[in-house]
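Chemist: I have a structure here, written as structure tokens, and I will follow up with some questions on it.
The values are calculated or read from the model by the stated rules, or taken from the named source; none is laboratory data. Values in this document were obtained by computation on a predicted structure and should not be read as measured data. Heads up, the Cβs are rebuilt from the backbone with ideal geometry, glycines too, and the neighbour counts pull from every protein chain shown.
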Amino acid sequence: MYCRNEAFEILQEEGRPMTSLSELAENYERWAAQDESRQPTQRGSAILSTRQSPDRRRKMKRVLWVLFCIFAITTICTAQSVLYFPQIVEGQGGGFVWGSGIILTNTAAPGTAVASGTLTLTKDDGTLWSLPLTDLQGNSLGSGSVSFQLAGGQATLFLTPALADHQTDTLPLTSGFATVTSNVPLAGSALFEEHGVIAGCSPGITQCEPMTGRIGEAGVPSATPLTGQTTIAFASTGDNPNSGVAIANPGTGTATITFQLLDTSGTTAGPSVTKTLAANNHTAFFINQLFPNLGSFFVGTVRITSDIPVVSTALLFEHNGQFSTFPVFPLQ
């Protein structure tokens with residue numbers, strides 16, 4: 001607002017009143033050319049022109065910088081904001097039921113401009129994932145690609161069927177990733193929830209139904225596309241924990257991704273592994289699937305480098321299905 005008012009005041013002094021930014025931008029180059037082409041015709045006017053030209057040029061330069069300020073701010077404010085959630089999972093598999101959710105909030109002050117955006121779910125193979133989504137009240141929000149609006153200070157939740165009602169979900173286990181685009185910056189988190197048997201039947205009791213319930217739940221913030229990132233790696237057999245990594249390629253070209261495993265001393269733990277991931281595709285795997293010869297127990301880090309930016313998240317699983325999340329860090 002200050003930049004705009006200053007520009008209008010300068011032009012008012014020059015006898016060139018303007019009422020809009022578009023009018024100011026359209027006329028600036030014409031005025032500059034006119035000022036450059038003016039030639040004094042008399043000695044007196046030449047002296048006067050010489051005295052006034054530096055001041056005139058300073059004013060026009062101020063207008064130019066004001067225009068730059070306005071357009072820079074406008075570009076920033078209207079630029080599209082994008083959030084990526086590298087892992088969304090839904091359905092039954094391995095005796096467990098998995099559900100996911102996306103929580104979004106407009107962190108601007110209440111009463112400010114409304115955010116208009118779209119949440120898009122993508123399957124492993126890059127196709128649209130037409131998964132029905134509901135809110136906390138069970139109202140349908142659409143499926144696959146869902147538009148929304150959030151005023152400053154507001155928040156909303158998008159729930160998959162298993163998260164909304166895990167008891168009735170019969171979908172096969174499917175995974176993918178989510179992309180949120182908006183005309184203003186938003187903050188958000190993915191939510192994973194796992195349900196299954198939490199109490200079995202005592203020996204000798206024939207008429208008994210195992211008790212089911214929530215086994216684990218965790219939130220994961222949105223991920224930034226990077227060409228170099230790292231996270232904690234666990235790999236084991238038996239009752240020890242294992243970590244998994246999910247990666248999505250939100251770009252338009254195929255990503256070549258290299259995984260390098262380091263032990264706690266920073267020493268390379270075997271040869272690196274290179275994989276490709278097509279544009280808009282998603283994949284997920286356990287560390288011991290990627291590096292199958294690690295022995296009974298390994299802990300260290302996995303370094304993920306790629307020729308184009310990709311997004312990733314990591315989770316740690318116990319043998320009984322309980323899980324937690326690991327942060328992913330950019331490489332130095």
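Chemist: Residues to consider are Leu163, Leu121; find the one that is crowded, with 21+ Cβ neighbours inside 10 Å and at pLDDT 90 or above.
Modeler: On the way: Leu163 fails: at pLDDT 90 or above.
Answer to the selection: Leu121.
Chemist: Just name the residue that is modelled with the lowest pLDDT out of those in the stretch 204-219 that are assigned to a strand (DSSP E or B) and not β-branched (Val, Ile, Thr).
Modeler: The qualifying residue modelled with the lowest pLDDT is Met211.
Chemist: Turning to a different aspect of this structure: Could you please let me know if Gly95 is modelled with pLDDT under 95 and small (Gly, Ala, Ser)?
Modeler: yes
Chemist: If I filter the stretch 244-285 down to residues being under 13 Å from Ala233 (Cα atoms) and surrounded by 17 or more Cβ atoms within 10 Å (Cβ to Cβ), which single residue comes out as farthest from the chain's Cα centre (by Cα)?
Modeler: Ala269
Chemist: Of the residues in the stretch 122-146, how many are over 14 Å from Ile103 (Cα atoms) and without any contact (Cβ under 8 Å) to a residue 60 or more places away in the chain?
Modeler: Just the residues of the stretch 122-146 that are over 14 Å from Ile103 (Cα atoms), to begin with: 122-132, 137-140, 142-145.
When the remaining residues are screened for being without any contact (Cβ under 8 Å) to a residue 60 or more places away in the chain, the result is 127-132, 137-140, 142-145.
Going through the stretch 122-146 one residue at a time, the tally reaches 14.
Chemist: Determine whether Leu191 is modelled with pLDDT of 95 or more and outside the structural domain of Thr276 (by TED's automatic domain parsing). Full working, then the answer.
Modeler: On the way: modelled with pLDDT of 95 or more: no; outside the structural domain of Thr276 (by TED's automatic domain parsing): yes.
No: the conditions fail for Leu191.
Chemist: Quick check on this structure: which one of Gln92, Gln87, Gln149 is without any contact (Cβ under 8 Å) to a residue 40 or more places away in the chain and not in a helix (DSSP H, G or I)? Full working, then the answer.
Modeler: Values: Gln92 fails: without any contact (Cβ under 8 Å) to a residue 40 or more places away in the chain; Gln87 fails: without any contact (Cβ under 8 Å) to a residue 40 or more places away in the chain.
On inspection, the qualifying residue turns out to be Gln149.
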